[in-house]
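Here's the structure, in structure tokens; my notes come after.
The values are calculated or read from the model by the stated rules, or taken from the named source; none is laboratory data. Since this is a predicted model, take the numbers as computed values, not measurements. As a convention, Cβ positions derive from the backbone with ideal geometry for all residues, glycine included, and neighbour counts pool all protein chains shown.
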Amino acid sequence: MRISFSVEEKTKLLSTIHIWRRDQLAQDMFRKLQVKYGIPAYLTETMFWHMEILYRLLPLCEFLVFKGGTCVQSYIDPMFQRASNDLDFNTTIQNPNALMQKIENLNNQLKTRGTAVEIQEVPYGFFEFESADRVSGTLNYRHRMPSRFGEYEHVTGNDVQAKSIRVQINCKHAWLPAIKKVVKPVEFFIMEEAVPREVVIFPHSSIEDLIADKIMATEEHTGRERFKDVYDLMVLLNLDFNGTLVNNKLALIARKTGRDPAELQRSSANTVMAFGDRGNEAQGFASMVCRGGKELIKDWEIGCEKTARKILQAEE
Amino acid sequence: MMLELIFGTKTRIKLLYALAQSSKPLTRNELAKMTGSGMRGTYEQVEELIGLGVLKESVNGRSRLALDPEFPLHDNLRDLLLSSGEYLRTPQDLLAALDRICGDNYYLGSFTAARQNISPIDYDPPVYAVSILKDHYKRLYPRLRVLGKLANIKLYEKNMGEAGDITIIINACESIPPDVMRSDFLGVEVWVASVERGIIECLARETPFALYGAYLALLQNRLDNVLDIAYFKKLADEEGSLPVIQSIMSKFDEIAGKRLFEITEEEKSMAEGMVDEKEIRHVINTVMG
């Protein structure tokens, strides 16, 4: 059955949003951003929710380090940013039960504050535990937000208008949550048109951490190689960064996992080169990328070659 | 059933274990002494075990007993007895068992955490303070309790008298603290709280130990530069024990005549709570001479 919310319920739901004004969360705004940046409006909406969720996680920020694809976007020029789905974090809390307790406490705070609510028994604004991956040490949470685009989710047997964002927190990297933590404002392209009520200052992984993580993510033959990781490397390696720090992080990971750090870089460079042959598929991926990035993808093969060279230069 | 006849009583198991360990045949009197069983009981059990073919009697002047190598289960029986004697003998064995039983739902705190990075000056038998998540306590406690039935391990109880070769103190806790880390402790991977939290638990919680041990851990960690003073104070504040911690640190500075803990005048004015001055002097003498 499809659940429809009354006007009062919709108003109540939107009043739980702290960072954005009601008029900024309108389809008009998302479409305006689509015209300017070239990313579909429904994907743009996600970036608004990402900012809001990061704000909600602030009480835990001493234990968290923002990482992954969404974090990469916070460093790069708005015109080169891309849409991303999940929010990923490392944590200094190594014991999963300790982390779950912290999240539970946060849920209680959000409920008391009126941010986490239940409307027609559908929970919004809670960090709902979904699963734990013991091997990777990741706890997966879902954070349900309202959808302004008529997207529906199946919740306890009913279809409700909602958009859930996956929040993944990795406990196993507590030994090295980041080689350098950067406490800085979150900066997404949406902020060029919609100024948030409050700047969200959150601990980010450094550019060096992100490059090292993406090098790990683009290792050959893992079956996890993806366009978005290659693209992120392409843009990250154009930023100013400290190559020694990248190498240090890779060396630490290699020592922990009994690998050769140079081999990690060679493997990543090989993956990036191989992706260079997939220019046609890359054009499909370009729909998720802002206009500057779309231009970059037009020269995909050359971009991949340059990126692979830069990965190998870091090795030297 | 044969196994019931062989292992049916505690006395039989003790007799068989003593014989499996012995390099030579033993008399009935020696067996009774070694196992702490009465003479009559020993005699009765021995006769039955001879009847089953498990034991063999040799008479060379005096009657002596040994496991009969002709008994079809002799090798298995001897292996089982000897290997069971070795099982869970060491602190490492116990820690591995704790971790296996409790999974992610526990941590080692108090003295275990406080002393994880220092070499204790005074010898103490191993004591492990295990905090188990409240929600799992009911399920896990019986699994741990059985370990206390082993000869070398004791589970702490009020008025328990002497500690065991290894003692476990089990508490229920509301939550696992965020600074609990997977650490290599005596070569075994276990969940251990931070040094700072360990010391605060020793000082602020009721434990079966004298304050001396807690003071000793505090000073040794400080002198070894292991203690993060800022984090220590922050934690103490969170746990509601900052005034007493400040009081202890002030007293250390005062008695040692040195700024060991860099306590400010403002912190001194906030210090409050019971401090055992005599034990602090004792600790300073022990560690600093």
Residues located in the range A:147-156, provided they are surrounded by 18 or more Cβ atoms within 10 Å (Cβ to Cβ) and on the phi > 0 side of the Ramachandran plot: none
Hey, can you tell me all the residues within the range B:246-274 that are charged (D, E, K, R) and crowded, with 17+ Cβ neighbours inside 10 Å? B:Lys251, B:Glu267
When every residue in the range B:91-127 that is within 14 Å of chain A (Cβ to nearest Cβ) and assigned to a strand (DSSP E or B) is compared, the one modelled with the lowest pLDDT is B:Gly109
Hits in the range B:179-199 (condition: of a type in the set (Lys, Arg) and within 17 Å of B:Leu235 (Cβ to Cβ)): B:Arg197
Residue check for A:Asp159: in contact with a Phe, Trp or Tyr (Cβ under 7 Å, 6 or more places away or on another chain), surrounded by fewer than 15 Cβ atoms within 10 Å (Cβ to Cβ) and either outside any strand (DSSP E or B) or of a type outside the set (Gly, Ala, Ser) (or both): yes
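On the given criteria, is A:Phe275 in contact (Cβ under 8 Å) with a residue 24 or more places away in the chain, out of contact with any Phe, Trp or Tyr (no Cβ under 9 Å at 6 or more places or on another chain) and either under 20 Å from A:Met79 (Cβ atoms) or buried (at least 23 other Cβ atoms within 10 Å of the Cβ) (or both)?
On the way: in contact (Cβ under 8 Å) with a residue 24 or more places away in the chain: yes; out of contact with any Phe, Trp or Tyr (no Cβ under 9 Å at 6 or more places or on another chain): no; either under 20 Å from A:Met79 (Cβ atoms) or buried (at least 23 other Cβ atoms within 10 Å of the Cβ) (or both): yes.
No: the conditions fail for A:Phe275.
Test B:Ile170 against the stated conditions and say whether it is among the β-branched types (Val, Ile, Thr) and either modelled with pLDDT of 90 or more or over 25 Å from B:Leu133 (Cα atoms) (or both).
Values: among the β-branched types (Val, Ile, Thr): yes; either modelled with pLDDT of 90 or more or over 25 Å from B:Leu133 (Cα atoms) (or both): yes.
Spelling it out, B:Ile170 is indeed among the β-branched types (Val, Ile, Thr) and either modelled with pLDDT of 90 or more or over 25 Å from B:Leu133 (Cα atoms) (or both).
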Which residues, taken from the range B:183-207, are closer than 16 Å to B:Gly103 by Cβ and either more than 14 Å from chain A (Cβ to nearest Cβ) or surrounded by fewer than 17 Cβ atoms within 10 Å (Cβ to Cβ) (or both)? B:Val188, B:Glu189
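Any idea which of A:Ala217, A:Ala286, A:Ala178, A:Ala194 is in contact with a Phe, Trp or Tyr (Cβ under 8 Å, 6 or more places away or on another chain), within 29 Å of A:Glu45 (Cα to Cα) and hydrophobic (A, V, I, L, M, F, W, C)? Write out each step before concluding.
On the way: A:Ala217 fails: in contact with a Phe, Trp or Tyr (Cβ under 8 Å, 6 or more places away or on another chain); A:Ala286 fails: in contact with a Phe, Trp or Tyr (Cβ under 8 Å, 6 or more places away or on another chain); A:Ala178 fails: in contact with a Phe, Trp or Tyr (Cβ under 8 Å, 6 or more places away or on another chain).
Exactly one of A:Ala217, A:Ala286, A:Ala178, A:Ala194 is in contact with a Phe, Trp or Tyr (Cβ under 8 Å, 6 or more places away or on another chain), within 29 Å of A:Glu45 (Cα to Cα) and hydrophobic (A, V, I, L, M, F, W, C), namely A:Ala194.
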Only one of these conditions is not met by A:Glu225: (1) modelled with pLDDT of 95 or more; (2) part of a loop (DSSP other than H, G, I, E, B); (3) under 14 Å from A:Thr307 (Cβ atoms). Which number is it? (1)
All positions within the range A:276-292 that are small (Gly, Ala, Ser) and modelled with pLDDT of 95 or more: A:Gly292
Kindly evaluate A:Val65 against the criterion of being of a type in the set (A, V, I, L, M), in contact with a Leu (Cβ under 7 Å, 6 or more places away or on another chain) and within 30 Å of A:His173 (Cα to Cα). no
B:Ala172 vs (1) within 11 Å of another protein chain (Cβ to nearest Cβ); (2) within 22 Å of B:Lys154 (Cα to Cα); (3) free of Cβ contacts under 8 Å to residues at least 60 places away in the same chain: all pass except (1)
Hey, any hits in the range B:62-74 for a residue that's exposed (fewer than 12 other Cβ atoms within 10 Å of the Cβ), touching a residue at least 24 places away in the same chain (Cβ under 8 Å) and not in a helix (DSSP H, G or I)? yes
Kindly indicate whether any position in the range A:177-185 is touching a residue at least 12 places away in the same chain (Cβ under 8 Å), closer than 27 Å to A:Val272 by Cα, of a type in the set (D, E, K, R) and crowded, with 19+ Cβ neighbours inside 10 Å. no
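Examine the range B:77-86 for a residue that is of a type in the set (D, E, K, R) and under 30 Å from B:Asp124 (Cβ atoms), and state whether such a residue exists. I'd like the intermediate steps shown before the answer.
Here is the first cut: in the range B:77-86, the residues of a type in the set (D, E, K, R) are B:78-79, B:86.
Pick out the ones that are also under 30 Å from B:Asp124 (Cβ atoms) and you get B:86.
Within the range B:77-86, one or more residues are of a type in the set (D, E, K, R) and under 30 Å from B:Asp124 (Cβ atoms).
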Exactly one condition in (1) part of a loop (DSSP other than H, G, I, E, B); (2) more than 14 Å from chain A (Cβ to nearest Cβ); (3) at pLDDT 90 or above is not met by B:Val275; state its number. (3)
Across the range A:1-20, which residue is modelled with the lowest pLDDT among those that are surrounded by fewer than 14 Cβ atoms within 10 Å (Cβ to Cβ) and part of a loop (DSSP other than H, G, I, E, B)? A:Met1
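Run down A:Arg166, A:Arg197 and say which single residue is under 21 Å from A:Gln73 (Cα atoms) and either part of a strand (DSSP E or B) or modelled with pLDDT under 95 (or both). It would help to see each step written out before you state the result.
On the way: A:Arg197 fails: either part of a strand (DSSP E or B) or modelled with pLDDT under 95 (or both).
On inspection, the qualifying residue turns out to be A:Arg166.
Every residue, every condition in (1) under 19 Å from A:Thr70 (Cβ atoms); (2) polar (S, T, N, Q); (3) buried (at least 18 other Cβ atoms within 10 Å of the Cβ), yes or no:
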{"residue": "A:Asp229", "(1), (2), (3)": "yes, no, yes"}
{"residue": "A:Leu236", "(1), (2), (3)": "yes, no, yes"}
{"residue": "A:Asn242", "(1), (2), (3)": "no, yes, no"}
{"residue": "A:Leu252", "(1), (2), (3)": "no, no, no"}
{"residue": "A:Arg255", "(1), (2), (3)": "no, no, no"}
{"residue": "A:Ser268", "(1), (2), (3)": "no, yes, yes"}
{"residue": "A:Leu312", "(1), (2), (3)": "no, no, no"}
